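Notes follow the structure.
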Amino acid sequence: MLASEEIRPGDPEPVATGLGESMTEHTDAAVRLRGIERFETAARRRGGWYSTYLWVFAAWQLVLVPLVVLWHGPVAAAVLAVVNAALVSGISWYAGRQPVVPRNFARKHVTLIGVWAVMYVGTIVLGVTVLEDSVLLAVVAAPLCALPPAVGALRSTGRAA
C-alpha cells in the first residue's frame, strides 16, 4: 500500500496477491474465477480427442470386419493382425499423449470396448461356423461393430460442447 493511500473505516481489507500489489477480496475472487473459466475452456477444448479416437476406431470397423469375414487363410490372418496391431498401437499412442482425460473415462471406455468385443467376437464366430464367406454377414456386422465406438463418439462430442 502506498503511503498516500489511507484505509477508511468500512473499506474492505486489502489482500496480498503475491505480485507486489494489493486487491480487495472481491477483485481477487473475480480474478480467480476468470482463471478457472480459462482452465475449464482449455480442458473442454483439449477433451475432444476421445471422440476423434472413437471415430477412427469406428471407421476401422467398416474395413476390418468385412475383411475378417470374407478373407481367409494364413496370409489374411497375418496381414490383418499386423495392420490391426498398427492401428490400435497408433490410436493408443495418440490417446496416451492427451493432456485431458474425460470424466469416468476408464469405466466408459471399458464398457464401450466390452460391447464392441462381444459384437466382434460374435461376428467372427458366425463367420467361421454358420455363415462362412457370407457377404450379408459382412455388410450387416461391419456397421454393428462400428456402432459402439460411433455412439461413444457422439456422446463424448455432446458433452464436450
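The values are calculated or read from the model by the stated rules, or taken from the named source; none is laboratory data. Please read all numbers here as calculations on a predicted model, not as lab measurements. Note: ideal-geometry Cβ built from the backbone for every residue, glycine included; neighbour counts use all protein chains shown. Each accessible area value is taken on the protein alone, full model and side chains, heavy atoms only, with ligands, DNA and RNA left out. Shrake-Rupley method; radii C 1.70, N 1.55, O 1.52, S 1.80 Å.
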Across the range 88-139, which residue is least open to solvent (accessible area, probe 1.4 Å) among those that are polar (S, T, N, Q) and assigned to a helix (DSSP H, G or I)?
Thr123
Return only the number of the condition from (1) touching an Asp or Glu at 6+ places or on another chain (Cβ under 8 Å); (2) at pLDDT 75 or above; (3) open to solvent by 100 Å² or more (accessible area, probe 1.4 Å) that Trp55 does not satisfy.
(1)
Counting only residues that are over 27 Å from the mean Cα position of the chain (by Cα) and not hydrophobic (A, V, I, L, M, F, W, C), which one in the range 120-161 is farthest from Val56 (Cα to Cα)?
Thr129
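Per-residue answers, yes or no, for (1) modelled with pLDDT under 80; (2) aliphatic (A, V, I, L, M); (3) closer than 24 Å to Ala150 by Cβ:
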position: Thr24; (1), (2), (3): yes, no, no
position: Arg34; (1), (2), (3): yes, no, no
position: Ser51; (1), (2), (3): no, no, yes
position: Pro66; (1), (2), (3): no, no, yes
position: Ser89; (1), (2), (3): no, no, yes
position: Gly96; (1), (2), (3): no, no, yes
position: Val101; (1), (2), (3): yes, yes, yes
Give the residues of the range 67-76 that are free of Cβ contacts under 8 Å to residues at least 24 places away in the same chain, in a helix (DSSP H, G or I) and open to solvent by 60 Å² or more (accessible area, probe 1.4 Å), sorted by residue number.
Leu67, Pro74, Val75
